[in-house]
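Working notes for the structure below.
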Amino acid sequence: MKKIKILLVAALTSVCVILSSCASMGGTSEPLDQGFYPAGEEAENSVEIIVGPNLTIAAIDDGQDTKLHMYTETVPGWTVKTKKSREQLFRLSPGVHTVSVCFDNGQQYTLFANTMIIMLQEGNQYKITYEIINGSSVVYDCINTDTLESAKLDREALAGNGQSVISAFIDAVLNPTMDEVGQTVIQENDDFILTTYKGLKFELTDKASGTTEKGMTTFVTDFSFKSGTVYLYVTDMTDKNEFLNSDYANNSQYVLEVTACDRQTVTYTYQKPESKKGQTVTFNISVKE
């Protein structure tokens with residue numbers, strides 16, 4: 001199976017440097033309104049993002065992961081803050097965006113801006129915040145101001161290093177079959193052997209009948225990694241790009257929702273075939289070169 005790929009990769013924390021001087025924090029004021037981004041392209045529906053005190057937005061959707069803070073005051077065309085503590089606000093269209101953030105409170109600052117990948121949903125307001133960890137690093141977040149849930153992509157979960165069911169599944173079942181790893185994952189129980197290979201290929205063997213079905217497979221998860229679905233499409237197709245561009249979601253004969261995974265076993269709930277919908281099946285996981 002193919003690991004979900006995010007093209008932008010950045011460290012989750014940025015090192016703070018202690019300054020010898022202290023700048024005045026100033027009083028509170030109304031947020032500095034930077035308008036819609038990109039300027040002059042206001043969407044019919046937009047989402048408001050508040051930028052917390054001591055934070056500066058260095059870039060939006062520019063495809064770069066890090067920017068040297070000292071050379072990047074703010075997004076081109078935006079008004080530069082006169083007080084570091086002043087909040088800002090801006091608006092983006094709903095959807096997935098990348099936002100590069102840097103921190104400076106007059107006593108500490110980050111040398112590099114850090115890039116977050118965020119999912120903005122229409123009808124919500126968000127706020128970009130920060131937390132200083134152990135006095136030496138800054139962790140940024142983008143939260144829904146109403147629910148306080150994070151809208152930031154969890155890169156640790158995406159890499160398979162998280163504690164959630166989906167992250168464990170990525171680590172145990174998906175990552176070994178990445179093209180650059182090239183291993184084979186075997187999921188087996190008393191009735192079936194499901195073997196997945198690099199290149200999104202699979203074989204499903206029914207032990208009772210001895211029959212084996214072959215085809216292409218992929219995995220789809222939501223932005224929050226709360227759910228994930230495996231598609232098994234029995235087909236003569238072998239090109240993964242052709243497969244991913246096909247209507248595999250509707251054409252797959254087997255659709256399995258990941259219900260549990262502890263990295264040694266995985267449990268699925270059938271969505272297809274219809275005759276098995278709602279039933280669960282558990283496999284032991286092993287990996288071979």
For residue 59, what residues show an amide H to amide H distance below 5 Å, using hydrogens built from the backbone and excluding near sequence neighbours? 100
From the phi angles alone, apply the Karplus equation (6.51, -1.76, 1.60; θ = phi - 60°) to region 129-139 and give each ³J(HN,Hα) in whole Hz, x where the residue is Gly or Pro. 10, 9, 9, 8, 9, 6, x, 9, 9, 10, 10
Given the options 31, 254, 52, identify the residue whose Cα lies farthest towards the positive end of the charge dipole of the chain (+1 on Cβ of Lys, Arg; -1 on Cβ of Asp, Glu). 52
Taking the chain and counting helices only, DSSP H stretches of n ≥ 4 at -39,500 (n - 2.57) each over all residues, the nearest-500 ellipticity at 222 nm comes to -1000 deg cm²/dmol
Under 5 Å between amide hydrogens, which residues at least 5 positions from residue 151 or on another chain qualify, with H placed 1.01 Å from N in the peptide plane? 142, 143, 144
The chain, relative contact order in percent, only Cα pairs under 8 angstrom and at least six apart counted: 16
Order 96-107, 187-198 from most to least packed using the mean count of other Cβ atoms within 10 Å. 96-107, 187-198
Could you go through region 39-53 in sequence order and give the Karplus-derived ³J(HN,Hα) for each residue, using 6.51 cos²θ - 1.76 cosθ + 1.60 with θ = phi - 60°, rounded to whole Hz, and x for Gly and Pro? 4, x, 10, 3, 7, 4, 10, 9, 10, 8, 10, 8, 9, x, x
Just want to confirm a number: the relative contact order over region 187-269, from Cα pairs under 8 angstrom separated by 6+ residues, in percent. 19
Under the rule a/c < 1.5 gives rounded, and otherwise a/b versus b/c splits prolate from oblate, where does region 136-289 land using the Cα gyration tensor? prolate
Pop out the ³J(HN,Hα) list for region 230-238 in order, Karplus 6.51 cos²θ - 1.76 cosθ + 1.60 with θ = phi - 60°, rounded to Hz; leave Gly and Pro as x. 9, 10, 10, 10, 6, 7, 7, 4, 10
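Throughout, read-outs are computed from the coordinates displayed, never taken from laboratory work. Remember, it's a predicted structure, so these values are computed and weren't measured experimentally. Cβ coordinates were reconstructed from backbone atoms using ideal geometry, including for glycine residues, and neighbour counts include every protein chain displayed.
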